[in-house]
Amino acid sequence: MPNERSDPRRRQPGPAYPGPSQPGPSQPGPSQPGVSQPGPAQPGPSQPGPSQPGTAQPGPAQPVPPEQPPPLPPNDPEVERARALLLPVPDSGVGEVAPGKPDPIRPNARTLTASDERGVRCWNCSVENRTDRVFCRNCGVELDRAPQPAAPTGPSWWQRLKDRLSDLNFFAVGAGLLALLLVVAAILLAKPLFYRYQDLTSTPVAIPPTAVDSSNNDPAHPPASAFDGASNTWWGPGFSGDSRGQFLRAIINPTDLRAVRITPGVSQDPQRRDEQARPHTVTLLVFDQQGRRTTKQVTLQDYEPKTVRIRVDDAVQVLVVLGDGFGTSEGKQVAIAEVELYRY
Ligand SMILES: [Zn+2]
């Protein structure tokens with residue numbers, strides 16, 4: 001029973017304590033009796049034995065409350081034993097008080113007063129200092145000891161690339177790429193689509209040549225016969241065989257050429273169309289006003305007129321150069337009944 005009260009800490013501030021928790025019955029007599037407990041609770045007598053340090057201490061320790069650290073005579077084994085039972089409590093003499101938080105040690109901050117110094121700007125805090133100062137008057141760094149800018153041994157290019165990539169909003173990038181793709185596609189497709197539209201919707205207009213000639217001709221079949229609008233008169237190069245390289249030429253005023261129509265053979269009349277050979281492949285050469293040349297290879301079906309789309313702005317000269325032919329043989333020459341030039 002006495003054990004439950006053996007905590008010395010509870011004992012010390014005695015006055016506040018004794019009443020209710022004191023198991024009255026077990027404690028006969030002395031400390032319990034009164035309603036008021038002035039001094040009596042303080043002096044140990046109610047508490048028997050060893051747990052009461054007060055008793056072991058010779059008088060002086062008891063009355064002087066807190067500021068009495070060491071004057072215990074440690075020799076007495078009883079005292080030693082009692083002390084061993086004690087919880088090590090700082091000798092504050094104050095019980096039942098939560099330890100307060102110590103005030104942190106605050107730096108002794110100074111406010112900068114002299115703000116009118118000029119000269120050296122601190123590399124650390126940007127405060128200006130007189131030129132004769134060695135240390136910054138504000139932050140104390142050594143003024144001429146600015147750290148060297150870090151050498152460009154930063155993150156590797158790979159790291160930087162990764163960082164940059166990870167910063168990107170991939171949705172935005174995707175949208176941007178798509179937009180770019182559309183723009184590029186529009187640019188690439190715009191002209192062909194426009195040309196196609198123009199080809200489909202425009203009415204070709206014949207371009208009358210201002211002059212025609214050829215590399216050579218059958219005297220009976222001059223180049224003019226290929227430009228006379230009649231498909232039963234024809235130009236012949238004057239040589240038998242395929243006459244490769246022989247050409248027919250038309251000179252025109254600068255015109256936006258859009259098509260060339262070629263009618264092969266001597267006539268469209270089935271009775272006569274085999275009288276001479278017919279061109280199979282020809283090369284169209286068109287020169288514009290600046291002398292630029294546009295070339296187009298053309299393959300013809302035998303006997304079939306063919307319209308060739310070829311766009312040359314400001315065209316001034318059109319050549320039809322013979323390649324190989326249909327029905328070429330000794331005594332036959334490659335005949336072209338008509339060459340027509342068109343603009344829109
Ligand atoms: Zn500074």
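Residues in the range 218-229 carry Karplus couplings, in order, of 5, x, 7, 9, x, x, 4, 5, 8, 10, 9, x Hz; the curve used is 6.51 cos²θ - 1.76 cosθ + 1.60 with θ = phi - 60°, and Gly or Pro positions show x. Among the trypsin sites (Lys or Arg not before Pro) within the range 233-329, those in coil by DSSP and having at most 12 neighbouring Cβ atoms inside 10 Å are Arg272, Arg292.
Each Lys and Arg contributes +1 and each Asp and Glu -1, all at the Cβ; summed about the Cα centre of the range 158-201, the dipole is approximately 100 debye. A Förster radius of 45 Å, combined with the Cβ-Cβ distance separating Ala172 from Gln290, puts the computed FRET efficiency at roughly 0.50. At an R0 of 45 angstrom, the distance between the Cβ atoms of Gln268 and Arg311 translates into a FRET efficiency of 0.95. Among Glu330, Glu304, the order by Cβ neighbours within 10 angstrom, fewest to most, reads Glu330, Glu304.
Distance between the modelled labels on Glu117 and Arg343, one decimal in nanometres: 8.6 nm (7 Å Cα→Cβ projection).
The numbers here are math on the coordinates, done by the rules we state, and not lab data. Everything numeric here is computed off the predicted structure, so don't read it as measured data. Note that each Cβ is placed from the backbone with ideal geometry, even for glycine, and that neighbours are counted across all protein chains shown.
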